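For reference, the structure discussed in these notes is given below.
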There are 4 protein chains.
Amino acid sequence: MKQGIEVFITGGTFDKEYNELNGNLYFKETHLHEMLDLGRSKLDLSIQTLMMKDSLDFVYADRALIAKACNESVQDRILITHGTDTMTITAEYLLEQCKNKTIVLTGAMVPYKFGSSDGLFNLGSALAFVQVLEAGVYIAMNGKIFEAGKVKKNTDKGEFEDLL
Amino acid sequence: MKQGIEVFITGGTFDKEYNELNGNLYFKETHLHEMLDLGRSKLDLSIQTLMMKDSLDFVYADRALIAKACNESVQDRILITHGTDTMTITAEYLLEQCKNKTIVLTGAMVPYKFGSSDGLFNLGSALAFVQVLEAGVYIAMNGKIFEAGKVKKNTDKGEFEDLL
Amino acid sequence: MKQGIEVFITGGTFDKEYNELNGNLYFKETHLHEMLDLGRSKLDLSIQTLMMKDSLDFVYADRALIAKACNESVQDRILITHGTDTMTITAEYLLEQCKNKTIVLTGAMVPYKFGSSDGLFNLGSALAFVQVLEAGVYIAMNGKIFEAGKVKKNTDKGEFEDLL
Amino acid sequence: MKQGIEVFITGGTFDKEYNELNGNLYFKETHLHEMLDLGRSKLDLSIQTLMMKDSLDFVYADRALIAKACNESVQDRILITHGTDTMTITAEYLLEQCKNKTIVLTGAMVPYKFGSSDGLFNLGSALAFVQVLEAGVYIAMNGKIFEAGKVKKNTDKGEFEDLL
């Protein structure tokens, strides 16, 4: 728990904003620093934005880039913010590609900038899990921790659950 | 990670509200359920309010009551919301009194009902830690986890840090 | 200033919400009552939802319905919440159709449920203007009051300004 | 409605903040600029902080200073943010001291920085009233406008009402 944590930002609902000129949702900058300030986080974090994309728009090259970044990181503990729609796909891919690292993916159902976001709660839980879990790839959502390959997003309920 | 978690509410800044009639801060009801809804928590939690007090007003009987509740709980994993001012004292007391349980205390520097609260972040991290740490008594604040007896609140900075 | 005020809700950004299941913006119920509670409004208001539509989707029949409602109201002072995109068009139509009433239209650039909404500010100003202005049709946005037929929305800046 | 508006800040609940180190409420800087940005105000305002005080702590010299500032202002339309506890006293004093100006006092029951503040609503309404009312001294609270000398704060209900 003494070492640093690498944080990779990839976009997702977490970081979406409302464009008041045209009413669309879009990406500007990450809100992660603001969220960490709000949480009074004193963790030793190295934060890097890899991309700002809706995870429905992810192509193979995006996931390859994330895996490469994880493998090349000097840290063994890595947090990834990610859209929830294809989070399980990226998690499974990283499970194949990245060994001997504790990788936790998290995201939000509602943008952080909107009043009713789960983002700060998820960020708190993901940062906790990434500090204490053994090597592996995980998803932290709904206060729970799921192992890559054993979790699906229930799109009707908008929550993550164990694969039967 | 499959079992339930006991949550004991004891008050603290977390749950303080602003009385618009006289400008004082006071306790009404806990905001924990509202916070868990906001976080879209799907954890199996049993929640009980033991008291609603500023932790500066805690007397021996309050801590004895908390220890008793921990020991009598059917759960081995217990989260306690607590004022930050004497959180380390309660943690040390529980370390003596409660064995074989994973107990995590958390709180907030700013009331949840105020815009700039760290409460939701702390709650997310505390609920994550309590699921995965081995038996012991811990404090989850500032994104970090501290062991009871090895942590102090730095009142100048308003943050928790390791005892040297 | 002693008489009651009729409030007609027609939708607009004001009342849009974020659907966390599909990431779209949509209408559920109006937030006007919640906003009035937040503002501690003690005004004597009669509130009615005429429709819940994006004002870009308004057709002639919608505006005719609003004009009819204004004319049939027992009140001489009427507030209308309305999408900003075609607010000036509705205002000009009401100017033709409704005489001897003080009608103020207002809206928001950002949904009320999002953290950064101008909705509460606009509602406060519109309710003030509607109490004191003489008969006519007005738009209350950006803290200002504009007369119907003499105002346009500057869509590049996202603000209302006087027609030259 | 074309001329500028003078805004004098005097403190009050409006601008109180929570000191997370000691749990007290205190004044740092005014939030008025931030509130005007949030409201997308495009009004021509000249803003000056006269003092940052709880209105219960006002002494005669404070009110004399406010009256002097109103009389010396080049503007005929003046908004004053003020604590609610003695707002009616200041209003009556200004009624004696300041002639031929439209002066509107407003405030908040809950600090702007707290989630549930009425501040933005009150600010919107006060800025509207100050633009259109004839010379006189007024209080804008609860969506209503009251004349100085004819209003009292009902401290049980936390709202302003007409003197019988």
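The values are calculated or read from the model by the stated rules, or taken from the named source; none is laboratory data. Just so it is clear, the model here is predicted, and its values are computed rather than measured. Note: ideal-geometry Cβ built from the backbone for every residue, glycine included; neighbour counts use all protein chains shown. For accessibility, only protein heavy atoms count, side chains too; no ligands or nucleic acids. Shrake-Rupley method; radii C 1.70, N 1.55, O 1.52, S 1.80 Å.
Things to note:
- Only listed residue being within 14 Å of chain B (Cβ to nearest Cβ) and either crowded, with 19+ Cβ neighbours inside 10 Å or not acidic (D, E) (or both), chosen from A:L38, A:L25: A:L38
- Residues being part of a loop (DSSP other than H, G, I, E, B) and touching a strand residue (DSSP E or B) at 6+ places or on another chain (Cβ under 6 Å) are entirely absent from segment D:153-161.
- Residue match in segment D:124-134 (condition: open to solvent by 40 Å² or more (accessible area, probe 1.4 Å), assigned to a helix (DSSP H, G or I) and among the acidic types (D, E)): no
- Flag if D:A67 is open to solvent by 40 Å² or more (accessible area, probe 1.4 Å), more than 30 Å from B:K153 (Cβ to Cβ) and either away from every other protein chain (no Cβ under 13 Å) or assigned to a strand (DSSP E or B) (or both): no
- From the options B:T49, B:T106, residue that is more than 8 Å from every other protein chain (Cβ to nearest Cβ), hydroxyl-bearing (S, T, Y), open to solvent by 10 Å² or more (accessible area, probe 1.4 Å) and under 14 Å from the mean Cα position of the chain (by Cα): B:T49
- You will find that of A:A135, A:A126, A:A140, A:A148, the residue that is of a type in the set (G, A, S), more than 11 Å from chain B (Cβ to nearest Cβ), touching a strand residue (DSSP E or B) at 6+ places or on another chain (Cβ under 7 Å) and within 18 Å of A:T10 (Cβ to Cβ) is A:A148 and no other.
- For segment A:123-164, a residue qualifies if it is closer than 23 Å to A:K42 by Cα and touching a residue at least 60 places away in the same chain (Cβ under 8 Å), and the qualifying residues are A:L123, A:G124, A:L127, A:V130, A:Q131, A:V132.
- Any chance D:D44 is farther than 22 Å from D:E134 by Cα and either open to solvent by less than 50 Å² (accessible area, probe 1.4 Å) or within 12 Å of another protein chain (Cβ to nearest Cβ) (or both): no
- Test result for A:K153, within 14 Å of chain B (Cβ to nearest Cβ), open to solvent by 10 Å² or more (accessible area, probe 1.4 Å) and of a type outside the set (G, A, S): yes
- If you check C:T84, C:T88 for being crowded, with 17+ Cβ neighbours inside 10 Å and part of a loop (DSSP other than H, G, I, E, B), only one passes: C:T84.
- Within segment C:9-52, the set of residues being under 26 Å from A:N24 (Cα atoms), out of contact with any Lys or Arg (no Cβ under 9 Å at 6 or more places or on another chain) and in a strand (DSSP E or B) comprises C:I9, C:T49, C:L50, C:M51.
- Among the residues of segment A:70-81, those that are more than 16 Å from the chain's Cα centre (by Cα) and assigned to a helix (DSSP H, G or I) comprise A:N71, A:E72.
For every residue, the table says whether it meets (1) within 13 Å of chain A (Cβ to nearest Cβ); (2) at pLDDT 95 or above.
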site: B:Y60; (1), (2): no, yes
site: B:R77; (1), (2): yes, yes
site: B:T81; (1), (2): no, yes
site: B:Q97; (1), (2): no, yes
site: B:F114; (1), (2): yes, no
site: B:F121; (1), (2): yes, yes
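- The residues on offer are D:K53, D:K28, D:K42, and the sole one that is of a type in the set (K, R), touching a strand residue (DSSP E or B) at 6+ places or on another chain (Cβ under 8 Å) and in contact (Cβ under 8 Å) with a residue 24 or more places away in the chain is D:K53.
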